[in-house]
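Trainee: Submitted below is the structure of interest, expressed as structure tokens.
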Amino acid sequence: MIFEILIYPGFVFLVLASMIYYGILRKVAARMQSRIGPPIWQPILDFIKLVGKEDLNPEQAKAGFTFWPFIAITSVLIAGLLTPIAGIVPLSFTGDIVVLIYFLAFGSLAVYLSGFSSSNPYGVVGSMRGLIQMIGYEFPFIVSILVPVVAAGILSPFLINTLQVHYGWFGFTFPFAAIAYFVSILAKVEVPPFHTPGAHQEIVSGYSTEYTGTRLAMIELAHMIKLFVLISLGIALFFGGSADILMFIVKSLVLLFIITLARVLVARFRIDQILKFTWFFGFVALIDLVRVVLIL
Amino acid sequence: MVFRRFGERIVCYARRKSPWVLHLDTGGCNGCAIETFAVLTPRYDIERFGGLSKANPRHSDVLIISGAVTKKIESRLGRIYDQTPEPKVVLAVGSCAISKGVFHDSYNISGPLDRIMPVDVYVPGCPPKPEAILQGLIKALDVWREKYRI
Ligand code: SF4
């Protein structure tokens, strides 16, 4: 139990694996753009470097400036503990998928609140964009998660994972929900076409503009862990589950490759286009939800 | 004590492997700026050294400054230098930044860059080739190790 929470698949594994996954994403994206690209452990080096840097505090920053990034990383780590990874889930209780949804949402919210508390105009605009985007993507995310939950009649991602290992993929039974879930992964981790909150060409670095040193490292790490957790939750809910580590790695790398394709290929949406797009997929997922409710 | 030294070693290694770059053009004819942009393109790809181009002084470790320093930008330049967290290195790119270059008699130029902020690496040329700027960047990482030697 303690080993599962702290080492595998708990904190240490989550942090290291999500950094390596992000490094793979950067490497593959670089190869797609015919560059050589960084080594796949680059995010680890970035993290160590950022932790060793000076922390600057702007004069007008609000009190929350110092602690929101840490709250963000704590909540995504707890979300990671509630997610089944390779058939193991460190923390499990009845109804944990609801808690999981809340912790994931709160991880994003804490990052945006850190942008607000920095009092930088670019940070505030980035956070506002992030919150508007949140109105968009939470709808397809929750509706698509509800589909396998209602179909299986259980509120536990671990049991849904086991169910899929024995009885086949929910992604084939409910393709619309799976697609909507995938779109909401893209929107939740702000990969293109949804990278409006941190758009480099428009608002300097969005919510993380004022952040330096350790707190910037925490914001970036929260981002990477969120990507990893969402991928493993997707495998547990739609893409056939994972009974062992090999299956998990293969499936998650395929999902990561598709996310990388999206990151390289598409341009940025405007805010109103994001809302239209994500709500469209929300209604698409609703088709499956209605189907599931009518059949059962 | 041993652990502390070991940790500092690791941080020092990581610093040299992930230089995030801020490019700032302070005036001049823009020739150096265009050559510096060439360094950031896929052809010369600083990401293979772990570098990223950041449009934000707070996230960056290496300041690449090109062009003659005009009177208007002098105070802003100081502010950008202060906003960059320690440890940082400064690269002066092009003869304008090093010694005012062809603008030496101009009425609105306020002096070579090293009168305004400490410069670690000079990349001469008018404009220098992208390869030279890249070499200057790599050199800056070595200077960095010397400067913060443990
Ligand atoms: S050094 Fe030459 S190329 Fe560079 S900004 Fe000055 S005049 Fe232009």
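The values are calculated or read from the model by the stated rules, or taken from the named source; none is laboratory data. Please read these numbers as outputs of a predicted model, since none were measured by experiment. Methodologically, a virtual Cβ is constructed for each residue, glycine included, from the backbone with ideal geometry; neighbour enumeration extends over all protein chains shown. With ligands, DNA and RNA removed, areas are computed over all heavy atoms of the protein, side chains included. Shrake-Rupley method; radii C 1.70, N 1.55, O 1.52, S 1.80 Å.
Trainee: Which of the pairs A:Lys49/B:Lys147; B:Lys17/B:Lys147; B:Lys17/B:Lys54; B:Lys72/B:Lys139; A:Lys49/B:Lys54; A:Lys251/B:Lys17 have their Cα atoms more than 19 Å apart in this structure?
Mentor: Working: A:Lys49/B:Lys147 16 Å; B:Lys17/B:Lys147 16 Å; B:Lys17/B:Lys54 16 Å; B:Lys72/B:Lys139 30 Å; A:Lys49/B:Lys54 15 Å; A:Lys251/B:Lys17 31 Å.
The pairs that break the limit, which is 19 Å between Cα atoms, are B:Lys72/B:Lys139; A:Lys251/B:Lys17.
Trainee: Looking at the stretch B:20-57, which residues lose a minimum of 10 Å² of accessible area between their chain alone and all protein chains in place, measuring with a 1.4 Å probe and not counting ligands or nucleic acids?
Mentor: Residues losing area: B:Trp20, B:Pro42, B:Asp45, B:Glu47, B:Arg48, B:Gly50, B:Leu52, B:Lys54, B:Ala55, B:Asn56.
Trainee: Can I ask one more? Give the distance, in whole Å, between the Cα centre of the stretch A:182-196 and the Cα centre of the stretch A:225-260.
Mentor: 16 Å
Trainee: Along the stretch B:75-88, what does the Karplus equation 6.51 cos²θ - 1.76 cosθ + 1.60 (θ = phi - 60°) give for ³J(HN,Hα), rounded to whole Hz, x for Gly and Pro?
Mentor: Here the 3J(HN,Hα) series is 5, 5, 4, x, 5, 5, 5, 5, 6, 6, x, 5, x, 9 Hz.
Trainee: Expressed as an acute angle from 0 to 90° and rounded to the nearest 10, what is the orientation of the C-alpha long axis of helix A:68-82 relative to the principal long axis of chain A?
Mentor: That helix lies at roughly 20 degrees to the long axis.
Trainee: Relative to the longest principal axis of chain A, what angle (0 to 90°, nearest 10) does the C-alpha long axis of helix A:271-295 take?
Mentor: Compared with the principal axis, the helix lies near 20 degrees.
Trainee: Further question: If r is the Cβ-Cβ distance from A:Ala267 to A:Met1 and R0 is 51 Å, what FRET efficiency results, to the nearest 0.05? Show your work: numbers first, answer last.
Mentor: Values: r = 47 Å, r/R0 = 0.92.
That pair, A:Ala267 with A:Met1, gives E of 0.65.
Trainee: Take A:Ile132, project a point 7 Å from its Cα along the Cβ direction, then tell me which residues of the stretch A:66-110 have their backbone nitrogen under 18 Å from it.
Mentor: A:109
Trainee: Another question about this same structure. Please state the relative contact order of chain A as a whole percent: Cα pairs under 8 Å, 6+ residues apart? Mind showing how you got there, number by number?
Mentor: Working: 504 pairs, mean separation 82.2, N = 296.
With pairs under 8 Å counted, the relative contact order is 28 percent.
Trainee: Give me the accessible area buried between chains B and A, both sides summed, with a 1.4 Å probe, in Å² rounded to the nearest 100.
Mentor: On the way: alone 8600 and 12960 Å², together 19300 Å².
For chain B against chain A, roughly 2300 Å² becomes buried.
Trainee: Out of the trypsin sites (Lys or Arg not before Pro) in the stretch B:89-150, which ones are loop residues according to DSSP with at most 13 other C-beta atoms within 10 Å?
Mentor: B:Arg149
Trainee: What value, in deg cm²/dmol to 500, does the helix sum -39500 (n - 2.57) over DSSP H runs of n ≥ 4 give at 222 nm once divided by the residues of the protein assembly as shown?
Mentor: -20000 deg cm²/dmol
Trainee: Output the residues of the stretch A:42-59 meeting this criterion: accessible area (heavy atoms, 1.4 Å probe) in the chain alone minus accessible area with all protein chains in place is 20 Å² or greater.
Mentor: A:Gln42, A:Leu45, A:Asp46, A:Ile48, A:Lys49, A:Gly52, A:Lys53, A:Glu54, A:Leu56
Trainee: Another question, if that's okay. Report the one residue of A:Phe3, B:Gly28, A:Phe239 whose Cα lies farthest in the direction of the positive end of the charge dipole of the protein assembly as shown (charges on C-beta: Lys and Arg +1, Asp and Glu -1; origin at the Cα centre).
Mentor: After comparing all options, I get B:Gly28.
Trainee: Also, quick follow-up: Give the carbon-plus-sulfur fraction of the accessible surface of the stretch A:2-295 in %, rounded to a whole number; probe 1.4 Å, heavy atoms of protein chains only.
Mentor: Answer for the stretch A:2-295 is 75 percent, counting heavy atoms of protein chains only.
Trainee: Projecting each Cα onto the charge dipole of chain A (Lys/Arg +1, Asp/Glu -1 at the beta carbon, about the Cα centre), which of A:Val89, A:Phe116, A:Thr278 comes out farthest on the positive side?
Mentor: So the residue furthest toward the plus end is A:Thr278.
Trainee: Might you tell me the accessible area per residue for the stretch A:2-295, computed with a 1.4 Å probe and given in Å²?
Mentor: 39 Å²
Trainee: Fully extended, how many nm does the chain gain between A:Leu296 and A:Leu253 (0.36 nm per residue separation, minus their Cα-Cα distance)?
Mentor: Stretched out fully, the A:Leu296 to A:Leu253 stretch lengthens by 12.1 nm.
Trainee: What number, in percent, do you get for the relative contact order of chain B if the mean sequence gap of Cα pairs under 8 Å and at least 6 apart is divided by its residue count?
Mentor: Once normalised by length, the contact order is 26 percent.
Trainee: Now for a different question. With θ taken as phi - 60° and the coefficients 6.51, -1.76 and 1.60, list the Karplus ³J(HN,Hα) couplings across the stretch B:92-104 in order, rounded to whole Hz; mark glycine and proline as x.
Mentor: 9, 10, x, 5, 4, 5, 7, 8, 6, x, 6, 9, 5
Trainee: For chain B, with every protein chain kept in place, what is the accessible area per residue (1.4 Å probe, Å²)?
Mentor: 50 Å²
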